[in-house]
Structures are given as structure tokens and as C-alpha cells.
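Chemist: Got a structure here, written out as C-alpha cells. Questions coming.
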């Protein structure tokens, strides 16, 4: 297989990954809809049973019949998951969704590797390649977390949505044919290390931002429940009932951000070493370098504030989201609009 065929194979695997991701997306949506229906049916059945007990208790004499039996509590599994009705066989939508997402991630990684072999370099020399690599890493990190943290499994739909969005934008707007790198990007092992840790940290920041957004919605729902208010959007509230609590979501966002921050610190360090290798200076106050440092400061402030007493709930979520907004600005506007030494988007 020649290099042109490898480049075509890369495009094929990327498109195949997008198709399988769409299948996983639908399965994740079906799983949430099914969980909401089962939970709603269980609550309705419980209410009907309680009314029947009240009616029987009022008509019967306690001396003759004894105390009325108590209603059976709704069965629920780990992380508040309602158990499925007995007798269901075969693979459930959540298992299918996770399997399809894993398969699609494998196809996407094959596409990234084929692109690297076709160009005979690391496969992240422009916006398209970096986006595809980053999307694959986001899904790989999510699947790893989902295999270890049960609460993460229900978040698949919300993580996969921005991943598909990134892939569609990259393929339709940022796509470039396979080509060699510019001279300043060639023959530098520090670039490889720098980009690897940057991709990993951005993947963790992406997941933490998604979780922080869900935390805000969950916090609003819990506040309405405590106040006895009616839900504004019944369907959204029923979906949020199947997700972890706002405190648990906040904990997940904090933990993923903390690990991502450590990697982003190494991104700064290895980037400075590479800058000295490429341009003869460790730091140039280039727009890309400046915004990378701003991101570091924002997340450092978030972690510090989160560690202090009282900085919890909505303020922490807003801070986490603000950090990711800086990441998006650095990745899009700085790369494509602002002229700098790091203008390697190819656009």
C-alpha cells in the first residue's frame, strides 16, 4: 500500500468512526429514554399501589386485619439506576452504546495512525489532524473513566455530542490533504511530547467542562425540588434524575480538571523547551504562548478556589467552564485569526 492509499484509508477510517459514533449516540439516547420511562412507570405504579393501600386501610378494621402492609420501595441499582424489569434478555442500549463508542474510537485511532504513516510524521501538524487526534483521545479517556467510575456511563451522550461536533467541523472546514510539516516542526522530539500532553490535558478539560455544565442543570433541578416548585421542562428534569447528583458531578469535574491541570503544566514546560529548540528562546510572549499561560492561571485559580472552604456548587462550575472557554479561544481564534509563530493551522 503506497502513501496515497494510506491517506485515503485514513479518511475512510475517520468517516467510518463518525458513522459508528452516530450509532453510539442513538444508543446512548435510547438508554436515557428507556431509563426515564422505567423510572416514571415505577413511580406511577408506586403511587397507584399507595392509593390502593390507603383505600383498603380505611375500609378495613385494624383489629380484624392488622396493620396495612407497607408499600414496597422502588428498586434501584448503583448510582440511582432503576433496575430493569425481570425477563429482559440480550444487550441493553447502554452496553451497546459503550461498545460502539469503543469500536468507533478504535477506527478513529486507526485513521490517525494511517495519516501519520502516510505523511511519515506525527499526525497533528494542522487543525484537522489535531482535532481528529483530540476527539479520539477525549473518547478514549471517557471510556477509560466509564470502565472505572460507574457514574460516568450515563454521561456518554453528553460527551459524545461535542466530540461529533468537533469531528464534523474538522472534516468539513479544516480538512487538508496529507502533506509534510513546516521546517520548524520537523525533527523535534520535544514537539511530540509537547503535543501529546496538550492533547491529553485538553481531553480532560473537555470532559470536565461537559460535567460542569450538567452540574449547573442538576443543581437547578435539585433547588426546584427542595423548594417544591414544578419543573420548567419535565423531560429535561426526568433526564437529569437519571444522572449523578450535582455534588457528585462537581467532584468528577474537579478530579478530571486536577489531572488535566498537571498535564497542562507539562504542556507549558515542554512547549518552552521546544520553543528554544525551534526559535532559540524559551519564551517569546507569542499570542499562543500567552493564552496557554492564561489558561494555566485560570485553572490554577479554579483549583485553588475549589480547595478553599465555601467555594463549591455553581461558582466552581462557572469557573471550570470559564477555563474551557479560554481553551476553545486558544484553539480556534488564536490558531486561525491571530498571526503568530504558532500559526500552523494550515488554513
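Chemist: Can you pull out every residue in segment 20-38 that is at pLDDT below 90 and more than 18 Å from the chain's Cα centre (by Cα)?
Modeler: Within segment 20-38, 33, 34, 35, 36, 37, 38 meet the criteria.
Chemist: Moving on to the next point. Of the residues in segment 117-140, how many are in a helix (DSSP H, G or I) and crowded, with 20+ Cβ neighbours inside 10 Å?
Modeler: 15
Chemist: Hey, another quick one. Quick check: anything in segment 68-86 assigned to a helix (DSSP H, G or I), at pLDDT 95 or above and over 21 Å from residue 235 (Cβ atoms)?
Modeler: Residues of segment 68-86 assigned to a helix (DSSP H, G or I): 78-80.
With the extra rule that they be at pLDDT 95 or above, the set shrinks to none.
Checking segment 68-86: not a single residue is assigned to a helix (DSSP H, G or I), at pLDDT 95 or above and over 21 Å from residue 235 (Cβ atoms).
Chemist: Go through (1) in a helix (DSSP H, G or I); (2) modelled with pLDDT of 55 or more; (3) surrounded by fewer than 16 Cβ atoms within 10 Å (Cβ to Cβ) and name the single condition residue 17 misses.
Modeler: All conditions pass for residue 17, except number (3).
Chemist: To continue, here is another question. Is it true that some residue in segment 169-184 is more than 27 Å from residue 98 (Cα to Cα), assigned to a helix (DSSP H, G or I) and touching a residue at least 60 places away in the same chain (Cβ under 8 Å)?
Modeler: Yes: segment 169-184 contains one or more residues that are more than 27 Å from residue 98 (Cα to Cα), assigned to a helix (DSSP H, G or I) and touching a residue at least 60 places away in the same chain (Cβ under 8 Å).
Chemist: Please determine whether any residue of segment 219-229 is within 29 Å of residue 136 (Cβ to Cβ) and touching a residue at least 60 places away in the same chain (Cβ under 8 Å). Outline the logic, then answer.
Modeler: Filtering segment 219-229 down to residues within 29 Å of residue 136 (Cβ to Cβ) leaves none.
Within segment 219-229, not a single residue is within 29 Å of residue 136 (Cβ to Cβ) and touching a residue at least 60 places away in the same chain (Cβ under 8 Å).
Chemist: I've got another one for you. Kindly evaluate residue 267 against the criterion of being touching a helix residue (DSSP H, G or I) at 6+ places or on another chain (Cβ under 8 Å), over 18 Å from residue 212 (Cβ atoms), buried (at least 18 other Cβ atoms within 10 Å of the Cβ) and at pLDDT 85 or above. Quick ask: steps written out before the conclusion?
Modeler: Working: touching a helix residue (DSSP H, G or I) at 6+ places or on another chain (Cβ under 8 Å): yes; over 18 Å from residue 212 (Cβ atoms): yes; buried (at least 18 other Cβ atoms within 10 Å of the Cβ): yes; at pLDDT 85 or above: yes.
In short, yes.
Chemist: Would you check which residues across segment 327-337 are within 17 Å of the chain's Cα centre (by Cα) and under 16 Å from residue 297 (Cβ atoms) and list them?
Modeler: Within segment 327-337, 327 is the sole residue that qualifies.
Chemist: Next up: Only one of 102, 114 is buried (at least 22 other Cβ atoms within 10 Å of the Cβ) and assigned to a helix (DSSP H, G or I). Can you tell me which?
Modeler: After ruling out the rest, the residue left standing is 114.
Chemist: On to the next question. Which of the residues that make up segment 274-329 are surrounded by 15 or more Cβ atoms within 10 Å (Cβ to Cβ), modelled with pLDDT under 90 and over 22 Å from residue 252 (Cβ atoms)?
Modeler: 274, 275, 277, 278, 284, 286, 287, 288, 289
Chemist: For segment 223-238, enumerate the residues that are part of a helix (DSSP H, G or I) and out of contact with any helix residue (DSSP H, G or I) (no Cβ under 6 Å at 6 or more places or on another chain).
Modeler: Correct list: 223, 224, 225, 226, 227, 234, 235, 236.
Chemist: Looking for whichever is within 17 Å of residue 14 (Cβ to Cβ) and modelled with pLDDT under 95 here; the options are 114, 101. Which one fits?
Modeler: That would be 114, the only listed residue that is within 17 Å of residue 14 (Cβ to Cβ) and modelled with pLDDT under 95.
Chemist: Hey, residue 148 hits all of (1) over 27 Å from residue 329 (Cβ atoms); (2) surrounded by fewer than 16 Cβ atoms within 10 Å (Cβ to Cβ); (3) in contact with a helix residue (DSSP H, G or I) (Cβ under 8 Å, 6 or more places away or on another chain); (4) at pLDDT 85 or above but one; which does it fall short on?
Modeler: Checking residue 148 against (1) over 27 Å from residue 329 (Cβ atoms); (2) surrounded by fewer than 16 Cβ atoms within 10 Å (Cβ to Cβ); (3) in contact with a helix residue (DSSP H, G or I) (Cβ under 8 Å, 6 or more places away or on another chain); (4) at pLDDT 85 or above, the one that fails is (3).
The values are calculated or read from the model by the stated rules, or taken from the named source; none is laboratory data. What you see is a predicted model; the values in this text were computed from it and never measured. Positions of Cβ are generated from backbone atoms using ideal geometry, with glycine treated the same way; all protein chains shown enter the neighbour counts.
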